[in-house]
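For reference, the structure is listed below as structure tokens.
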Amino acid sequence: MNRPAPTPANANPSCCATGLPVLYLLGGSILWLLAGLGLALLASLKQHQPWLLASCEWVTYGRLDAASRTALVHGFFSQMGLGLGLWLLARTGGTKIAAPGLVFIAGLVWNAILTLGVAGILVEGPSGHTSLELPQQLTTVLTVVMTVLCLLGFATFAKRADGPTVPAQWFVLTALFALPVLAITSQVTLSFFPVRGVLQSVIDGWNGQGLLLLWLAPLALASLYFFIPDIGGRPLRSPAFAKLGFWAWLFFASWTGAASLVGGPVPAWMVTVSIAASVLLLIPVAFISLNLHLVAPVSALGRSTALRFAALSAISFTVVGILIALIAPRCAQQVLGLTQFPVAVRELFLFGFVGPALFAGFYAVVPKLAGREFPCRISPVAHLGLTVIGLGIMVLSSGVGGWLQGWALADGKVGFPEVAAHLQIWLKLHTLGLAVFAFGQTPVLANSAWLLVECLLPFGKPALALFTETSTAGAGK
Amino acid sequence: MNHGPVLFLGLVTTLVASWTGLVALPHRQLGALQPDVSTNAAGAVVSYPAARSGEAAQGAEVYRSLGCVACHTQQVRPENGGGDIARGWGKRRTVARDHLFDPTVLLGSSRLGPDLANYGERLGTNSFPLVRLYDPSSVATNSTCAPVTFLFEKRPIRSSGPSSEALVLKGTAAPPAGSEVVPTLRARQLAAYLRSLSTTVELPEALLPLVEDANAPK
């Protein structure tokens, strides 16, 4: 490779410092999204086609399910959220990301570890702890990498220009603080010095719920709090609501960990505390929703892809917040717990709230960092449309199927084979929804790849010119 | 809220409080739990739960590694909380002590398949879970449980005669004439584990329902 490497005219030196690591994290996360959805689709097919690839041990349903969840949560949601979070800290602080080279290297290690880890789940089987499925040694390395990245976020925050902090910063810092705490404590208590008996499930629940509500949700909310007013051009309606919403979220979300263990072999008081916290989560959901919906610039929706994704996310946030509170009480959990209904809530949370919030940031940030717009204008429309259709089918099929499954299971006179048989149609519909959803994510990959080629073209052109010159010269002889 | 320290202090306090409440306190309550020692009807001292035998303990590892927990729970919920006991999945609710010696506790969170807390009881002494593992639909029609055929060896019947361990299979799952399906070591371990699944033991915190003794003198 001895081609000349000139700098393109529009390259911005400050862009490389902040831009390259962020673009790397965002790009990597898109690949994980598609890989994770591919695995999830295969898992979903196996829910109703048990003979599919039955002779291959690597792709049992349990392994595919764990591998897809790991790829999506640690590959897509976490990585894209982290990339955006670091960008938000730099942007709101009026500074650059601290040690961008280290961020880049840590990102590389993260992806390498996760690739090995997902392969490890398929080859060796999941760990059995749903929030920590990777093989133990890899989890340790991943925890170190995550901690380094989160510390770099704090270093970026420390470099900020003086001035009042904004909600987006509070939420990003919450996430960056919660992730290492969750990862380290659960590692220590589940892997290094494993606790005995059902305490494992308690810690697993605490860690799993923490990953959703204290790591992913704050990153998504930070994105919404920043981009909705920023793109819409209207400041937040109520800073007081923002403060209340933030502290209430932090307080109640951190106590919801045991809510799904209703009726399980764990102390009843902690389940009760978590149920109360899940219901009280309505308070921050109301404050945050009001603040976000009140500034929603409906007129601007037509011209900004990012804003449309943010709108989808804000609506899903309100709905999922209400659903979490509604299904938390004992009477609801006794029927709907352990069915497909919580799967629907989880999917709405991840793919309806967190995903679109991150994509809002993605569509807003990538053009700024790359120095050019996304080449295809139809692709984001297709992306959003298919996301909504696919997600709708997924959530409705899991929701309705889980509802019926729950009531059938609650009636001891209905035999289990009958319950399972009636669930079939809903599982098949879910596969259809997931297929539409997964297909709907391919435009963003194509668009990003095209953008990447366009960005690299200035580097490639002189080489290409050199090549054509020599070839025409050769032809002229 | 313009100062980093306030935020930092708030974050530390919240997470420490949550960890104390949802991890440390339950550990204080359950961490020192011991097996229940009692005297059975024959006068022998029994301890429950007992650690699993070698083969069944290895089977727990196979169960974990195949990801069976994705579809099967191992928790019977109390009588007033669902139809578990009425359906015959257990005679009493599952309590913390039942899982005391599980190396990895696999309570499960989805019931795409039936609960297995008392699967060993349901199998009884005569039936053999291996056929179920090889071809679930031969035992439960339309079962969506994935067959684990990779834990079995399909081989020509040896000159010394068919193996005593060969599965008795019917229908489409049956091997062609002259071949037999024999479980591998891991299949036998998994079967031993499944047979060991039982919580039908009375504990002070979870009593078994009273049974009317039909032979009792009137």
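Quick notes on this one:
- For region A:116-132, the criterion of being away from chain B (no Cβ under 14 Å), in contact with a Pro (Cβ under 9 Å, 6 or more places away or on another chain), touching a residue at least 24 places away in the same chain (Cβ under 8 Å) and more than 24 Å from residue A:172 (Cβ to Cβ) is satisfied by at least one residue.
- Taking the criterion of being modelled with pLDDT of 95 or more and either small (Gly, Ala, Ser) or not in a helix (DSSP H, G or I) (or both), the residues of region A:31-55 that qualify are A:35, A:36, A:38, A:40, A:43, A:44.
- Hits in region B:47-56 (condition: more than 25 Å from residue A:199 (Cβ to Cβ) and surrounded by fewer than 15 Cβ atoms within 10 Å (Cβ to Cβ)): B:54
- Annotation note: of A:168, A:155, A:161, A:178, the sole residue that is more than 10 Å from chain B (Cβ to nearest Cβ), of a type outside the set (Ser, Thr, Tyr) and touching a helix residue (DSSP H, G or I) at 6+ places or on another chain (Cβ under 9 Å) is A:168.
- Restricting A:188, A:172, A:198 to residues that are under 20 Å from residue A:141 (Cβ atoms) and either β-branched (Val, Ile, Thr) or modelled with pLDDT of 95 or more (or both) narrows the list to A:188.
- From the options A:128, A:62, residue that is over 26 Å from residue A:19 (Cα atoms), at pLDDT below 95, surrounded by 24 or more Cβ atoms within 10 Å (Cβ to Cβ) and of a type outside the set (S, T, N, Q): A:128
- The listed residue being within 15 Å of residue B:11 (Cβ to Cβ), away from chain B (no Cβ under 13 Å) and surrounded by 22 or more Cβ atoms within 10 Å (Cβ to Cβ), out of A:224, A:213, A:219, A:250: A:219
- Residue within region B:27-46 that is surrounded by fewer than 21 Cβ atoms within 10 Å (Cβ to Cβ), at the interface with chain A (Cβ under 9 Å from one of its Cβ atoms) and in contact (Cβ under 8 Å) with a residue 24 or more places away in the chain present: yes
- Scanning region A:266-305 for residues that are away from chain B (no Cβ under 14 Å), touching a residue at least 40 places away in the same chain (Cβ under 8 Å) and not aliphatic (A, V, I, L, M) yields A:287, A:291, A:297, A:304, A:305.
- Hits in region A:191-206 - residues which are facing chain B (nearest Cβ under 9 Å) and either in contact (Cβ under 8 Å) with a residue 12 or more places away in the chain or over 24 Å from residue B:95 (Cβ atoms) (or both): A:198, A:200, A:201, A:202, A:203, A:204, A:205, A:206
- Some residue of region B:64-82 being modelled with pLDDT under 90 and touching a helix residue (DSSP H, G or I) at 6+ places or on another chain (Cβ under 7 Å): yes
- Of all the residues in region B:1-26, those that are part of a loop (DSSP other than H, G, I, E, B) and more than 7 Å from chain A (Cβ to nearest Cβ) number 1.
- Meets criteria (assigned to a helix (DSSP H, G or I) and either within 14 Å of chain B (Cβ to nearest Cβ) or in contact with a helix residue (DSSP H, G or I) (Cβ under 8 Å, 6 or more places away or on another chain) (or both)) for residue A:113: yes
- For region B:154-192, filtered to residues that are among the charged types (D, E, K, R) and modelled with pLDDT of 90 or more, the residue that is nearest to residue B:123 (Cα to Cα) is B:188.
- Residues of region B:142-162 that turn out to be in contact (Cβ under 8 Å) with a residue 60 or more places away in the chain and either facing chain A (nearest Cβ under 7 Å) or at positive phi (or both), as a count: 1
- Close Cβ contacts (under 7 Å, 6 or more residues apart or on different chains) running from residues in region A:225-242 that are at positive phi to residues that are part of a loop (DSSP other than H, G, I, E, B) and at pLDDT below 85 comprise A:233/A:297.
- Residues satisfying the stated conditions in region A:267-285, i.e. at pLDDT 95 or above and not in a helix (DSSP H, G or I): A:281
- Residue that is nearest to the chain's Cα centre (by Cα) [pool: residues in region B:93-141 that are more than 12 Å from every other protein chain (Cβ to nearest Cβ) and assigned to a loop (DSSP other than H, G, I, E, B)]: B:118
- Residue check, residue A:387 buried (at least 20 other Cβ atoms within 10 Å of the Cβ), among the polar types (S, T, N, Q) and away from every other protein chain (no Cβ under 14 Å): yes
- Cβ pairs under 9 Å, 6+ apart, first in region A:399-423 and more than 8 Å from every other protein chain (Cβ to nearest Cβ) and without any contact (Cβ under 8 Å) to a residue 12 or more places away in the chain, second assigned to a helix (DSSP H, G or I) and of a type in the set (A, V, I, L, M, F, W, C): A:418/A:408
- Within region A:33-46, the set of residues being surrounded by fewer than 22 Cβ atoms within 10 Å (Cβ to Cβ) and not hydrophobic (A, V, I, L, M, F, W, C) comprises just one member, A:38.
- In region A:52-78, the residues that are away from chain B (no Cβ under 12 Å) and in contact with a Phe, Trp or Tyr (Cβ under 6 Å, 6 or more places away or on another chain): A:71, A:75, A:76
- In region A:286-324, the residue that is surrounded by the fewest Cβ atoms within 10 Å (Cβ to Cβ) out of those that are in contact with a helix residue (DSSP H, G or I) (Cβ under 6 Å, 6 or more places away or on another chain) and not in a helix (DSSP H, G or I) is A:297.
- Residue check, residue B:151 modelled with pLDDT of 90 or more and among the hydrophobic types (A, V, I, L, M, F, W, C): yes
- Test result for residue B:58, more than 10 Å from every other protein chain (Cβ to nearest Cβ), more than 24 Å from residue A:422 (Cα to Cα) and of a type in the set (S, T, N, Q): yes
- Every residue from region A:92-110 that is away from chain B (no Cβ under 14 Å), surrounded by 20 or more Cβ atoms within 10 Å (Cβ to Cβ) and in a helix (DSSP H, G or I): A:100, A:103, A:106, A:107, A:110
The values are calculated or read from the model by the stated rules, or taken from the named source; none is laboratory data. Keep in mind the model is a prediction, meaning the values are calculated, not measured. Every residue, glycine among them, receives a Cβ derived from its backbone with ideal geometry; neighbour counts consider all protein chains shown.
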